[in-house]
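Notes follow once the structure below has been shown.
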There are 4 protein chains.
Amino acid sequence: MDRNIQVSRLDRQAVEDQEVEIVERKGIGHPDSICDGLAESVSRALSQLYLDRVGKVLHYNTDETQLVAGRAAPAFGGGEVVEPIYILVVGRATKEYDGEQLPVDSTALRAAREYLAEAIPELEYGTDVVVDVKLGEGSGDLQDVFGEETQQVPMANDTSFGVGHAPLTETETIVHETERELNTTYYADHPELGPDVKVMGKREGDRIDITVAAAMVDAYIDDLDDYDDAVTDVREFVEGLARDHTDREVNVDVNTADDYEQGSIYLTVTGTSAEQGDDGSVGRGNRANGLITPNRPMSMEATSGKNPVNHIGKIYNLLSTHIAESVTEEVDGIRDLQVRLLSQIGRPIDEPHVADAQIVTADGVDIADIEDQVVEIIDAELADVTGVTRRVIDGDVSTF
Amino acid sequence: MDRNIQVSRLDRQAVEDQEVEIVERKGIGHPDSICDGLAESVSRALSQLYLDRVGKVLHYNTDETQLVAGRAAPAFGGGEVVEPIYILVVGRATKEYDGEQLPVDSTALRAAREYLAEAIPELEYGTDVVVDVKLGEGSGDLQDVFGEETQQVPMANDTSFGVGHAPLTETETIVHETERELNTTYYADHPELGPDVKVMGKREGDRIDITVAAAMVDAYIDDLDDYDDAVTDVREFVEGLARDHTDREVNVDVNTADDYEQGSIYLTVTGTSAEQGDDGSVGRGNRANGLITPNRPMSMEATSGKNPVNHIGKIYNLLSTHIAESVTEEVDGIRDLQVRLLSQIGRPIDEPHVADAQIVTADGVDIADIEDQVVEIIDAELADVTGVTRRVIDGDVSTF
Amino acid sequence: MDRNIQVSRLDRQAVEDQEVEIVERKGIGHPDSICDGLAESVSRALSQLYLDRVGKVLHYNTDETQLVAGRAAPAFGGGEVVEPIYILVVGRATKEYDGEQLPVDSTALRAAREYLAEAIPELEYGTDVVVDVKLGEGSGDLQDVFGEETQQVPMANDTSFGVGHAPLTETETIVHETERELNTTYYADHPELGPDVKVMGKREGDRIDITVAAAMVDAYIDDLDDYDDAVTDVREFVEGLARDHTDREVNVDVNTADDYEQGSIYLTVTGTSAEQGDDGSVGRGNRANGLITPNRPMSMEATSGKNPVNHIGKIYNLLSTHIAESVTEEVDGIRDLQVRLLSQIGRPIDEPHVADAQIVTADGVDIADIEDQVVEIIDAELADVTGVTRRVIDGDVSTF
Amino acid sequence: MDRNIQVSRLDRQAVEDQEVEIVERKGIGHPDSICDGLAESVSRALSQLYLDRVGKVLHYNTDETQLVAGRAAPAFGGGEVVEPIYILVVGRATKEYDGEQLPVDSTALRAAREYLAEAIPELEYGTDVVVDVKLGEGSGDLQDVFGEETQQVPMANDTSFGVGHAPLTETETIVHETERELNTTYYADHPELGPDVKVMGKREGDRIDITVAAAMVDAYIDDLDDYDDAVTDVREFVEGLARDHTDREVNVDVNTADDYEQGSIYLTVTGTSAEQGDDGSVGRGNRANGLITPNRPMSMEATSGKNPVNHIGKIYNLLSTHIAESVTEEVDGIRDLQVRLLSQIGRPIDEPHVADAQIVTADGVDIADIEDQVVEIIDAELADVTGVTRRVIDGDVSTF
């Protein structure tokens, strides 16, 4: 098999060297991320259901979830949700196979409930949030087989493309890590920090501004002083974290929209702005690599919730990111790498219409020096395209 | 105050003496009863919320709940719900008072969840059943005050009537007790019995036929023999119970529609037929006294879920039943008593347009002998009309 | 075939001769009636769809419809609906037959839209009212055949009963005709009268009180004088109508809850109280004969929306009413007649467990004189039980 | 006022000169575009409602709409929709102002209905599609004034950015025009072409491949030959159109996934794939300039449906596009221009944190030559920032 793999010079500076850089990450408690996470977790549960019951993944797609915000009345020491958040899980799924009824609706609802319990622990299921599901009957004509025994390479179901890049710039790294660390390490000791952490990074030359919006949970905040301490703690933590990743000047702002005089602060009952007026849906937030990067090409495809067996948009976005990471890890001399995979409908997905790696090399390195190595890695990764499917089903890959 | 209370002879035989009698009771797990119970429990929760927060009951009404049946795949030893039951709690409620937001939606949802957990324990919330709520903004103009300190007698909000009767006939007693005892005493030792027990009693002369439809829970039933034993146990229990209440001939049938050859039996995952195709709504099942009695006048008013402070249909149905029971308890010589209360819109509810007691006296008793006593009791009960409201809010009265 | 038909004396006075009589009718624009009418019209459309497509009526049931009230801001000369009424059509239906997809959802929605356009003409579809549908997959196991060629007598699907009576009393006639005439003859010249006309009749001895609540449509009412004229017109019309049916004293009240001083009048945008806070559902209003009659036994079964082929509750309620009317029409000397039909699950529906006619004869007439004639008519009507199904599908029978 | 406007060299080739270029446009009938168009049209209707009723635009946001696909059974000569498409319009809106109720729900529904009638004419409202609305109560604290008399410059409500570019490359132009012309000029004579036209352009060097997926409407297609003609007509039209915009080699494919042998063709009842399995939501399709352009930076912000008075993501995306177009129109020597606007929360929106124009100049042109002119235009456009709001409300700007 001869794959159409092209390697060329990326005709711009590395993003790290550009004058202005903007990067954003919506934390797992952001309304859009809630939808992404929930859709992906429903997707995984359905894949697993199909594997358990019929030995292979059947047709489904759950990449649409609509969150309608609720209303809340937060208060120091603990307020309450007044109107619940409403979440509608939307999609298609095969509900019957070989005469057997498959509990796709119940499975989707269970996955949603379990995901919410883990991701937004302060949200009381069935009171603070109502989850409903509308899964249409899938077309059932999914011919591609991803089963326990055989893992065929499917045909592309669409003309679509995926794009990935590596390595992350300092600003990208800081933005990504800020959210990840706040919601894990930091949260472990600071229950007052809600999961709705939004991080915006802007770099102008050698100055990085990190703006964090962090929803505080009222039950753990006694008064305004307490709140102010909570904000300060977050800022200091992020400053420390940023210094580990850059020597540039870093400035961190947390909850800049607060106005203590007016009593306008970012206090919530459940730790997410979805409780009060912020709607959300799948695919409107972070891209497959966890970031929103206006300095780089992005795919509009929602990655979360899609069927990982044959949805080419999902597979190529995850795979191009994976390829970019593998290449920069294994090949020296790459300052900035961008990988694009373009499918052609009806062609096996391990043979993209074009696989295109564009590189900004480090000083003194020539594309010709590394081209063969890059092609080889890309070729191997394409040959193992079903590995993406496997990793998605196993939950080893993050999609947002 | 001079109340319009009329006592007269009921111009028919006592129902006990009629040739044919039909009585029905839908158990608490029947789809219509689920709606009744849920609506009433939401109503109680809202009354309590208002009393707790603003010291008086505000305008609300939750006497509409729609249950859309699910789909299930029961199996000996334990099957599964395939499509969840969907329940929509409908009504109006005051959401803001004196500038304070009142969590009526969350309160309604919590009440619903807690009620379901108690009434249909095998139903997994959020997976086997999805509950949503649509409470419109109440008009907020409820002038009647039922608060901690003052309990005014409100004006009738409608032209409506209530009807009650007493004492229960033997058949009525057996039908009522059959469901109550099966779902309490019997269930304590027989987890295989689901709460969806429907009892139909028919008496022709001195022969009483009791037909029971009892949903069995598959997790506790290993095979067809086991199922057959479960059915037999129910029949024997009901036969024993019936013999305690009558000397007439009694015949008991349980799950008569079963066809063992065809494998058609009444096996369920959750103990309610709502899991498979049986929809339900408020006010379509038992009347306020817990029975459906085609031999007697009935009110079409749904009692469950209505505001107990001023909803005249609810109050008069409960009160007329209460009056009938009080009168027959305290006054000797009554073989059959029927009480009707008719309101007139805009008049205080303790002054019905007409309160009308019709009596079949025992042999040798004349209406004139007991008329004064009857009037006195009715008068006293009307004077204490707000007692109904109090008992409803405290949960001391069953509405279905 | 030997049907179990029993004729006996009704052991009470004719309702016409009782001291107190209460009768109610909810007009077609009442929220409960809207649900009844819509459910029945959806049912008819599905029957027709099945007949057209597969030549016989398949399994379905649409006897649940939930109406959630909207909010409106009526104003002299024309106000507006602020929040739409929401109607959820609920039920089960067979969606696929012999490999062919049947458009049950679209058919149901079209029937609903057309019904609303006719019944509540001022209601703008899709703006003032949103209709959604949840029709579960029917069990598909309906063996009974009601097709173009063959019309088998089905087996009873439940233990249930129907009850009918005739002739109507004067009060019943007046109440029924008041609503019917107001919504047809009168409306033709008075577009200001909305279809939500509720009529309550009370007779004490020889005095009949008719209380009418009539929703006026604001677009046709310019000011309070205009409104007052509209109310007066209705009262005069009803007074005239009543006088055609009785020699008793008649008193008519229209919109008695109005308070002109306070500006509290019954003005609506669309002619139904569903626009402002009044929810509704199927089976909570009029019985199969179009009335609510607390002086008479009633069935709790919702008649509207049920499958007319084999739903015994529907068939027996309509049939018992039909039988009562036929008998009193053809047999002289009947002052009051009550017919009850009781099914037994699994038995052909033309052989009820018991068909029971109870009669109050006119002076000088003995039951024995007419018994044979009554039995014969009942027998013939039972033999033609599928005629009910046919008339329902053709829309020749009203169910509420 | 001194705006932070920066002009610099764009450190890459013009997209026109890059080796590989990918461009996509989802037509107005694509499920995602339906949501975009509907959300924007609801937004415009609400702006207009507020202006009409209270003289200024109040707080609202309707940038979330979820479309749940239906099911259809297309057939040559005319098939039918079997399960309706379900559309949920989501957002917040101020429902009361100064004691007056504002009909936001009804207004939203009317706008949705009118938009669908225009955009997808074959879709029968209320039968083929059900539209519901969930608009939460807005916070009501929108201080910014955009009224009839005064048009203040509001403060940014978020830290966000917009990005625009100009001029369009040949491929971009062809992709954009293909959809626009097919859905207007071509459609006028070809009713068989549905509005769900998806166009993908790929350029490798000097060869442009245009792949069109065009939903055909079955009522206008009699058989496979007819269908084949319809496809051929589209291809020839697009080939002609493309030749008007480029001298490069152009290849056009239409409905490449068709398999005539298998009878698998792109035939629909309503002209949109939403009728059969394709869900959609706002903000997942075309960016503000009508294209998806992986070769260029894009904003993830949904532009459609957002409040145009103060939603910075919407305003800055539209304004940056508008600025890019103005600059390239008025200034000579620009081969590729990219404009980014970054807001800072709390700052007036006519003073972005940074306005950044990056330019690829034509041969022989130096940035210094044109910098002043560019700055001047940007400055003027920023000064007229409320012009964007005005154009959006007037419907003069497309957002997708």
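Roughly how far apart, in whole Å, are the Cα centres of segment B:268-314 and segment D:19-75?
Using only Cα atoms, the two centres lie 43 Å from each other.
How much accessible surface does D:M298 have with a 1.4 Å probe, in Å² rounded to 10?
Accessible area of D:M298: about 0 Å².
C:D17 label points, 7 Å along Cα→Cβ, one per copy: pairwise distances from this copy to the rest in nm, shortest first?
Result for C:D17, in nm, nearest copy first: 1.8, 11.0, 11.1.
Inside 10 Å of the C-beta atoms of B:352-358, what's the mean count of C-beta atoms belonging to other chains?
2
Over chain A, what is the relative contact order in percent, taking alpha-carbon pairs closer than 8 angstrom and at least six residues apart?
Across chain A, relative contact order equals 29 percent.
What figure, in Å² to the nearest 10, do you get for the accessible area of A:V282 with a 1.4 Å probe and non-protein molecules left out?
0 Å²
Per residue of A:123-129, count partner chain C-beta atoms within 10 Å of its C-beta, then hand back the mean as an integer.
6
Using every Cα-Cα pair within segment C:96-220, state what percent have a distance larger than 23 Å.
Working: 4805 of 7750 pairs.
Roughly 62 percent, rounded to a whole number.
Which pairs in the list A:K26/B:K134; A:K134/C:K26; A:K134/A:K314; B:K95/C:K202 are over 27 Å apart, alpha-carbon to alpha-carbon?
A:K26/B:K134; A:K134/C:K26; B:K95/C:K202
How long is segment A:203-332 along each principal axis, judged by its Cα atoms, biggest number first, in Å?
52, 37, 23
For C:T65, enumerate residues with amide H under 5 Å from its amide H, sequence gap 5+ or separate chain, H modeled in the peptide plane.
Counting only residues 5 or more places away or on other chains, the set is C:V90, C:V282.
Please give the length that would be gained between B:E329 and B:D98 if that part of the chain were fully extended, namely 0.36 nm times their separation in residues minus their C-alpha to C-alpha distance (nm, one decimal).
Contour length minus Cα-Cα distance gives 78.6 nm.
Once both labels are modelled 7 Å past Cα along the beta-carbon direction, what's the D:D394-C:R207 spacing in nm?
Placing both labels 7 Å beyond Cα along the Cβ direction yields 7.1 nm.
What's the long-distance tail for chain A, i.e. % of Cα pairs beyond 37 Å?
The calculated P(r) of chain A puts 27 percent of pairs beyond 37 Å.
Tally Lys/Arg at +1 and Asp/Glu at -1 over every other residue whose Cβ is under 10 Å from the Cβ of B:G277; what's the total?
So the environment of B:G277 carries a net charge of -2.
Per residue, what accessible area does chain A have, given a 1.4 Å probe and all protein chains present, in Å²?
Per residue, chain A has an accessible area of 34 Å².
Treat each spin label as a single point 7 Å out from the Cα along the C-beta direction, and report the C:A75 to A:D233 distance in nm.
5.4 nm
With the solvent-accessible surface defined on protein heavy atoms using a 1.4 Å probe, which residues belonging to segment C:65-94 display a reduction of at least 30 Å² in accessible area in the multichain context relative to the isolated chain?
C:Q66, C:V68, C:R71, C:E80, C:V82, C:E83, C:P84, C:Y86, C:L88, C:V90, C:R92
Which Cα, out of C:L123, C:A274, C:N61, lies furthest along the positive dipole direction of chain C (beta carbon charges, K/R +1, D/E -1)?
Going by the Cα projections, it comes out as C:N61.
Nearest 5 is fine: what % of DSSP beta bridges in the protein assembly as shown come out antiparallel, could you say?
70 percent
If I build a Gaussian network model for chain D, linking alpha-carbon pairs within less than 10 angstrom, which residue out of D:P352, D:P297, D:P195 has the largest mean-square fluctuation?
D:P297
Output the DSSP H helices from chain C with an along-axis C-alpha extent of no less than 24 Å and a mean Kyte-Doolittle hydropathy no less than 0.0.
C:31-54, C:312-330
Would you please calculate the Kirkwood hydrodynamic radius of segment B:271-367 over all C-alpha pairs and express it in Å, rounded to one decimal?
Over segment B:271-367, the inverse of the mean reciprocal pair distance is 15.5 Å.
What gaps in nm, shortest first, separate D:A380 from its twins in the other copies when you place the label 7 Å past Cα toward the beta carbon?
5.9, 9.3, 9.5
I need the GluC sites (Glu not before Pro) found in segment D:144-193, filtered to DSSP loop residues with at most 11 other beta carbons within 10 Å of theirs.
Qualifying residues, ordered by number: D:E148, D:E149.
Which value, in square angstrom to the nearest 100, describes the accessible area buried between chains A and D on both sides, using a 1.4 angstrom probe?
4800 Å²
Rounded to the nearest 0.05, what FRET efficiency is calculated for B:D189 and B:A380 with R0 set to 51 Å and r the Cβ-Cβ distance?
0.75
Show which aspartates and glutamates lie in cross-link reach of B:K306 when reach means a straight Cα distance below 14 angstrom and same-chain residues fewer than eight apart are skipped.
B:D36, B:E40, B:D63, B:E64, B:D158, C:D278, C:D279
Can you pull the percent of chain D's accessible area that's carbon plus sulfur, 1.4 Å probe, other chains left in place?
40 percent
Calculate how many DSSP beta bridges within chain C are antiparallel, expressed in % of all such bridges and rounded to the nearest 5.
Looking only at bridges with both residues in chain C, the antiparallel portion is about 70 percent.
Would you mind working out the magnitude of the charge dipole of segment B:270-400 relative to its Cα centre, with +1 at each Lys and Arg C-beta and -1 at each Asp and Glu C-beta, to the nearest 20 Debye?
So the magnitude is around 800 debye.
Quick one: how many Å² of C:V375 are accessible to a 1.4 Å probe, rounded to 10?
40 Å²
For the charge dipole of chain D, defined by +1 on Lys and Arg C-beta atoms and -1 on Asp and Glu C-beta atoms about the Cα centroid, which residue among D:L382, D:G78, D:G201 has the Cα displaced farthest towards the positive pole?
Of the listed residues, the answer is D:L382.
Working with all protein chains in place, sort B:Y115, D:Y187 by solvent-accessible area computed with a 1.4 Å probe, largest first.
Sorted by accessible area, descending: D:Y187, B:Y115.
Between Rg and the Kirkwood Rh of segment A:323-376, both from Cα atoms, what is the Rg to Rh ratio?
Radius of gyration relative to Kirkwood radius: 1.04.
Quick one: which bits of segment B:241-258 get at least 10 Å² less accessible when the partner protein chains are in, versus the chain alone, with a 1.4 Å probe?
B:T256, B:A257
Taking accessible area as the heavy-atom solvent-accessible surface of the protein chains with a 1.4 Å probe, which residues of segment B:293-325 lose no less than 50 Å² upon going from the isolated chain to the full protein assembly?
Those residues are B:P294, B:M298, B:M300.
For D:V54, which inter-copy label distances result when the label point lies 7 Å beyond Cα on the Cα-to-Cβ vector, reported in nm to one decimal and in ascending order?
For D:V54, the other copies' label points sit at 2.2, 5.3, 5.4 nm, shortest first.
Over the alpha carbons of the protein assembly as shown, what is the largest minus smallest coordinate on each principal axis, giving the biggest first in Å?
The Cα atoms of the protein assembly as shown stretch 120, 68, 64 Å along the principal axes, largest first.
The values are calculated or read from the model by the stated rules, or taken from the named source; none is laboratory data. Owing to the predicted nature of the structure, the values given are computational and were not obtained by experimental measurement. Because the Cβ atoms are built from the backbone with ideal geometry, glycine has one as well, and the counts that use them run over all protein chains shown. In case anyone asks, the SASA skips ligands and DNA or RNA and just uses the protein heavy atoms, side chains included. Shrake-Rupley method; radii C 1.70, N 1.55, O 1.52, S 1.80 Å.
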